[in-house]
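Data first, discussion second: the structure below is written as structure tokens.
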Amino acid sequence: MGRVSGKKAFITGGAQGLGACFARMLADEGAKVFITDVNGDGAEATAAEINEKHPGAAGAARHDVTSRDEWKTALEAAAGAMGGVDTLINNAGIGTFGSIETETEENWRRTQAIDVDSIFMGTQLAMPYLKDSQPGSIINISSVAGMIADGNMIAYNTAKAAVWMMSKSIALHCARSGYDIRSNSVHPVFTRTPIIDPLIALGGGGDEGEKRLVQQIPWKRLAEPEDVGYCVLYLASDESRYITASEFKIDGGITAQ
Ligand SMILES: NC(=O)c1ccc[n+]([C@@H]2O[C@H](COP(=O)([O-])OP(=O)(O)OC[C@H]3O[C@@H](n4cnc5c(N)ncnc54)[C@H](O)[C@@H]3O)[C@@H](O)[C@H]2O)c1
């Protein structure tokens, strides 16, 4: 028996990076996973890789998280493929740069649409499925950037702070409604995925760029996707059955400073 045997997890943004890692780790511990991404081929590739190791464990679909219709279709397909959805991992996201003086309204709205509005919309649409398959777990991937600010990340800071508080509101609603559905947020620091390539480039690229970036982290190294994955695995498992409305920092100590 794996730590999440019998669980049915819907994972957004699973074509690469953290989402793909979560899918692999959950499948390795016995879960069924349904991987979605606006990059449909990438989502299919992650699922195919998992199915080679665990035949029939993974499904996939192209899904833009900003589209209500695509959420409906993807959730229906996932519930059909897995026999329900009890774990929702809202992971898809983009990182964007801009200050109060340089940020454009277009980039601001795009960041909020992908990083925040999609989680409100998708979780609302997923609620009937989660209620049908209790106990359930909603895992929202925020960031340390939702807790500590940068002068040139106004849209991202704001989006990730919103995800933090939205996770708590969902948790309180579920608890007060008597649903056995938990909701928590995960806050990684810089983690080795393609999303941090522009940050490494800012520091000169390559090893030197990475070295400069990690200077801000007391642990002085990047997080690896699995470091975040172990937290997600815990939150998806019944080991976290009493944990709701909480935030989990995978941050090498950066928010303590
Ligand atoms: N890597 C880090 O340093 C780090 C740190 C903190 C938080 N995060 C968060 O973790 C999550 C995953 O990021 P990652 O590091 O794996 O980045 P990534 O860029 O490697 O992966 C993000 C995935 O989301 C998908 N995506 C983007 N827009 C989408 C949309 N509209 N609909 C569906 N899918 C979409 C992309 O195609 C991509 O596959 C994001 O929410 C990110 O903000 C990452």
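The values are calculated or read from the model by the stated rules, or taken from the named source; none is laboratory data. Remember, it's a predicted structure, so these values are computed and weren't measured experimentally. Counting neighbours? That spans all protein chains shown, and the Cβs are built from the backbone with ideal geometry, glycine included. When the accessible area is computed, the model is the full protein with side chains, heavy atoms only, and any ligands, DNA or RNA have been set aside. Shrake-Rupley method; radii C 1.70, N 1.55, O 1.52, S 1.80 Å.
Details
- Just so you know, in region 1-46 the residues that are part of a strand (DSSP E or B) and within 13 Å of the ligand (Cβ to nearest atom) include one that is nearest to T87 (Cα to Cα), and it is F10.
- The single condition from (1) farther than 20 Å from F22 by Cβ; (2) within 16 Å of the ligand (Cβ to nearest atom); (3) modelled with pLDDT of 95 or more that L202 fails is (3).
- Contacts under 6 angstrom Cβ, first residue in region 61-90 being of a type in the set (K, R), partner within 13 Å of the ligand (Cβ to nearest atom), 6 or more apart: R62/G40; R68/M121
- Restricting attention to region 56-90, the residues being over 18 Å from K7 (Cα atoms), part of a helix (DSSP H, G or I) and acidic (D, E) number 2.
- Among the residues of region 227-247, those that are open to solvent by 10 Å² or more (accessible area, probe 1.4 Å) and β-branched (V, I, T) comprise I243, T244.
- Of A57, A92, all but one fail to be aliphatic (A, V, I, L, M), within 22 Å of D197 (Cβ to Cβ) and either assigned by TED's automatic domain parsing to the domain that holds M153 or open to solvent by 20 Å² or more (accessible area, probe 1.4 Å) (or both); the exception is A92.
Quick grid of which residues meet (1) modelled with pLDDT under 95; (2) hydroxyl-bearing (S, T, Y); (3) over 16 Å from the mean Cα position of the chain (by Cα); (4) part of a loop (DSSP other than H, G, I, E, B):
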{"residue": "Y156", "(1), (2), (3), (4)": "no, yes, no, no"}
{"residue": "A159", "(1), (2), (3), (4)": "no, no, no, no"}
{"residue": "W164", "(1), (2), (3), (4)": "no, no, no, no"}
{"residue": "S167", "(1), (2), (3), (4)": "no, yes, no, no"}
{"residue": "L172", "(1), (2), (3), (4)": "no, no, yes, no"}
{"residue": "N184", "(1), (2), (3), (4)": "no, no, no, no"}
{"residue": "H187", "(1), (2), (3), (4)": "no, no, no, no"}
{"residue": "W219", "(1), (2), (3), (4)": "no, no, yes, yes"}
{"residue": "E226", "(1), (2), (3), (4)": "no, no, no, no"}
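- The C-beta contact set for region 210-237 (first residue among the polar types (S, T, N, Q), second residue part of a helix (DSSP H, G or I) and surrounded by 15 or more Cβ atoms within 10 Å (Cβ to Cβ), distance under 7 angstrom, 6+ apart or interchain) comprises Q216/I254.
- Enumeration of residues in region 181-198 that are without any contact (Cβ under 8 Å) to a residue 60 or more places away in the chain and more than 8 Å from the ligand (Cβ to nearest atom): I181, D197
- Residue satisfying all of: in region 74-89; more than 16 Å from the ligand (Cβ to nearest atom) and not β-branched (V, I, T); surrounded by the most Cβ atoms within 10 Å (Cβ to Cβ) among these: D86
- When each of A92, A113, A126 is tested for being aliphatic (A, V, I, L, M), touching a strand residue (DSSP E or B) at 6+ places or on another chain (Cβ under 6 Å) and within 14 Å of the ligand (Cβ to nearest atom), the lone residue that passes is A92.
- Test for K211: is it at pLDDT 95 or above and under 25 Å from Q112 (Cβ atoms): no
- You will find that of V228, V232, the residue that is within 10 Å of the ligand (Cβ to nearest atom), in the same structural domain as S137 (by TED's automatic domain parsing) and of a type outside the set (D, E, K, R) is V228 and no other.
- Every residue from region 96-147 that is under 29 Å from I181 (Cβ atoms) and assigned to a loop (DSSP other than H, G, I, E, B): S133, Q134, P135, S142, S143, M147
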